[in-house]
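Student: Here it is: the structure, laid out below.
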């Protein structure tokens, strides 16, 4: 059995350049400049709740960081530093077990691609759980908030929604996907791509933004609540994969599209006059950006069907204690 | 059953003044000044590992924050902001359960006493686990590190060591304390006091510092390793309570004193000429500060008995994967 200190030394102690002090003291030291604010977020993934216990550790390492990157992206910030609180069952740290190797490989592959530094953490023994705290930088006063949506704004989403939820629906036997469909949807579930570059470029362009982690309806509702506005969206405008499209209009597919979590795309609002600029950005970044509706005065979220009828769903998104 | 969002709103959303943005967006926003560095640390407490599942939630709320404050104290920094990643079993969030009320009461009582702001977090469902990330501020270049100890330095500790470990030894039936002894030792275990003010005052006075969370020998060894020095300490000089003294020189009591964790006192080193200043500080803060040994060149930690013999212990401190 490897010790806590061995594990930290072997897997999680790396030189830092941007931080003044990284792993190995009571705390890490960082500094920023007067024109910047720091953006702080934390996300926990628990075995049996956010992932199956047999999920490949390399995928977990990637995803644990990706979901945090997504929060930084939604603020329009640049990710800089992370800390990692890792709770591990004893079996995963036996000397012949490769779990930690694989986890660290997935984690650092993504971290390195953004030059993010691991500056601290805590390794402890218990039921598998991964908590990542991320710190980013953004120009002072420029962060994209949930509270900035204005009546008349267009509502946009990036990428395609629902594939991650479709994979989960298959795993939970609510739907049966063909094996090639499953492979693609599992990639959406396990290897999400945070829209960091897009978030950066939306500063000065969008009025509000959020990342779609709990499902489009739940997350858009957060924007509406924080901005004291309402919205109407058109289900036909919501971009989805050709796989999900095959299963529409089955209720499970509609549900994946509107309320499925784990997409980690961005939902944002912007003035109508910004449309061309946003479409150009979509081309530049090679990321689909789609207008799905309009912000209005008042309260509530209305989802329109192609025949003009209103869609009502029982659940609006993922809630850890309700599902 | 209360929802994740209800819980965050009810217990963990509070106005912030020092942060630009607190709980309720994708991330929090903070800023600092050019003359400051930020000090970042994270600690996780897992049920069944760091505490018994029936530990009073108010004590847990206090301790989860206190152990992080202790890291900030060891750096000589001022604690400012925290995030809280809370994983809760379903039974604790039933509407009639008071666990969250009590936890939040303990947590915020301590946070408020230092004007620390909760700026974010994640609430999820699973085996009980509490991860707190703390952010402090320190004057640039002034943080107390583990790596600053110099040959000739005196080695100091604050407070009294071993009572928390003694309580744990009783709980684990390695020793039987009288009921009044147990009450006092349980207070040391459950309600540690982080030495924040002391840490602040040690800037410009100490060469190195660490908080004693894994036991004196383990934590002092971290200083020695990081500073490339050795040390000799005298067991008779280590300050302990009259309760622990009653059980000396029983091996279990010696072990609590030298290797017991959970004390959250500070161990620091300073030049001999600072002795009077440190003794004055002890009087001003009403915190016992005791010289227990000397830093020397070379490698290793030697613990001397009163008869001049050297003490050898099998374990040097708490390791989450070894015990």
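Student: Test residue B:74 against the stated conditions and say whether it is facing chain A (nearest Cβ under 7 Å), touching a helix residue (DSSP H, G or I) at 6+ places or on another chain (Cβ under 8 Å), more than 30 Å from residue B:269 (Cα to Cα) and crowded, with 20+ Cβ neighbours inside 10 Å.
Tutor: no
Student: All but one of (1) under 19 Å from residue A:28 (Cβ atoms); (2) assigned to a loop (DSSP other than H, G, I, E, B) hold for residue B:70; state the number of the condition that does not hold.
Tutor: Result: residue B:70 fails condition (2) only.
Student: May I ask you to say which residue of B:42, B:46 is in contact (Cβ under 8 Å) with a residue 60 or more places away in the chain, over 17 Å from residue B:134 (Cβ atoms) and under 17 Å from the mean Cα position of the chain (by Cα)? Let's see the steps before the verdict.
Tutor: Details: B:42 fails: over 17 Å from residue B:134 (Cβ atoms).
Matching residue, one of B:42, B:46: B:46.
Student: Residue by residue through region A:1-21, note down the ones that are more than 7 Å from chain B (Cβ to nearest Cβ), assigned to a helix (DSSP H, G or I) and touching a strand residue (DSSP E or B) at 6+ places or on another chain (Cβ under 8 Å).
Tutor: Correct list: A:7, A:8, A:12.
Student: Identify, please: which residue in region A:186-214 is at pLDDT 95 or above and out of contact with any strand residue (DSSP E or B) (no Cβ under 8 Å at 6 or more places or on another chain) and is, among those, surrounded by the most Cβ atoms within 10 Å (Cβ to Cβ)?
Tutor: A:201
Student: May I pose another question? Can you give me the number of residues within region A:264-277 that are closer than 18 Å to residue A:234 by Cβ and buried (at least 22 other Cβ atoms within 10 Å of the Cβ)?
Tutor: So the answer is 5.
Student: List pairs: first in region A:144-159 and surrounded by fewer than 20 Cβ atoms within 10 Å (Cβ to Cβ), second not in a strand (DSSP E or B), Cβ under 6 Å, 6+ apart or cross-chain?
Tutor: A:147/A:226; A:147/A:227; A:148/A:207; A:150/A:207; A:151/A:229; A:151/A:297
Student: Right, another one. Inside region A:138-156, can you point out the residues that are more than 10 Å from every other protein chain (Cβ to nearest Cβ) and part of a strand (DSSP E or B)?
Tutor: A:139, A:154, A:155, A:156
Student: Of all residues in region B:186-225, count the ones that are within 24 Å of residue B:300 (Cα to Cα) and assigned to a helix (DSSP H, G or I).
Tutor: Number of matching residues: 10.
Student: Moving to a separate point now. When you look at residue A:119, is it touching a strand residue (DSSP E or B) at 6+ places or on another chain (Cβ under 7 Å), part of a strand (DSSP E or B) and outside the structural domain of residue A:29 (by TED's automatic domain parsing), yes or no?
Tutor: Values: touching a strand residue (DSSP E or B) at 6+ places or on another chain (Cβ under 7 Å): yes; part of a strand (DSSP E or B): yes; outside the structural domain of residue A:29 (by TED's automatic domain parsing): no.
Judged against the criteria, residue A:119 is not a match.
Student: What tally of residues in region A:52-101 results from selecting those that are at pLDDT below 90 and either touching a strand residue (DSSP E or B) at 6+ places or on another chain (Cβ under 7 Å) or closer than 25 Å to residue B:135 by Cβ (or both)?
Tutor: Count: 2.
Student: On to the next question. Just the residues that are surrounded by fewer than 19 Cβ atoms within 10 Å (Cβ to Cβ) and assigned to a loop (DSSP other than H, G, I, E, B), please, taken from region B:161-185.
Tutor: Within region B:161-185, B:172, B:173, B:174, B:175, B:176, B:178 qualify.
The values are calculated or read from the model by the stated rules, or taken from the named source; none is laboratory data. The model shown is predicted, which means the values in this text are computed figures rather than measured ones. Quick reminder, even Gly has a Cβ in these numbers, built from the backbone with ideal geometry, and neighbours come from all protein chains shown.
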